[in-house]
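The values are calculated or read from the model by the stated rules, or taken from the named source; none is laboratory data. Just so it is clear, the model here is predicted, and its values are computed rather than measured. Here the Cβ positions follow ideal geometry from the backbone for every residue, glycine too, while neighbour counts run over all protein chains shown. Only protein heavy atoms, including side chains, enter the accessible area calculation; ligands, DNA and RNA are left aside. Shrake-Rupley method; radii C 1.70, N 1.55, O 1.52, S 1.80 Å.
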Amino acid sequence: MSTPTRRDKLGQIFRFALVGGVNTATFYVLYLPLHWWMPYFAAYTLAFLLAMVGSFFMNTYFTYRTRPTWKKFLLFPLTNVTNYVIQSAGLYALVTWGGVDTRIAPLIAAVLAIPFTFVLSRKILIPGTRAAEAPEPEPAAAGSPSRG
């Protein structure tokens, strides 16, 4: 796997932002009607889980242009645990201490979690991201067979 260029990374960030916008809209469209039927935090959690499935597919196909696999699908929610914790803490703080309306607070909390979500999803959906960004080891002496 070749090391991504700065342009490749900027493209991923741009596509991630687009997917994030679509995913946030999807989440919000799910959250509002669920909020009518259940407490805000339960509605938030269910909408978050449903939107996360859509986010996985949008990020694999569009953002990172990689193939979805069961392994990635099963790992993707693990990376979103951090996102969920950040958003949940933000939601709770905004509603409880900030007095922010429960219909608006999830959107603000989602914005706060974006940088964390990008880094974690990239590591899961592009295997070897960490290795690809690490400094290359010195090449073996000329004529030495390489292991591939």
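Here are some notes:
- Residue list for the range 61-91, filter: in a helix (DSSP H, G or I), free of Cβ contacts under 8 Å to residues at least 40 places away in the same chain, farther than 20 Å from residue 107 by Cβ and of a type in the set (Ser, Thr, Tyr): 61
- Residue in the range 98-116 that is under 12 Å from the mean Cα position of the chain (by Cα) and open to solvent by less than 40 Å² (accessible area, probe 1.4 Å) present: yes
- Checking each residue in the range 21-56 for being open to solvent by 30 Å² or more (accessible area, probe 1.4 Å), under 20 Å from the mean Cα position of the chain (by Cα) and in contact (Cβ under 8 Å) with a residue 60 or more places away in the chain picks out 24, 28.
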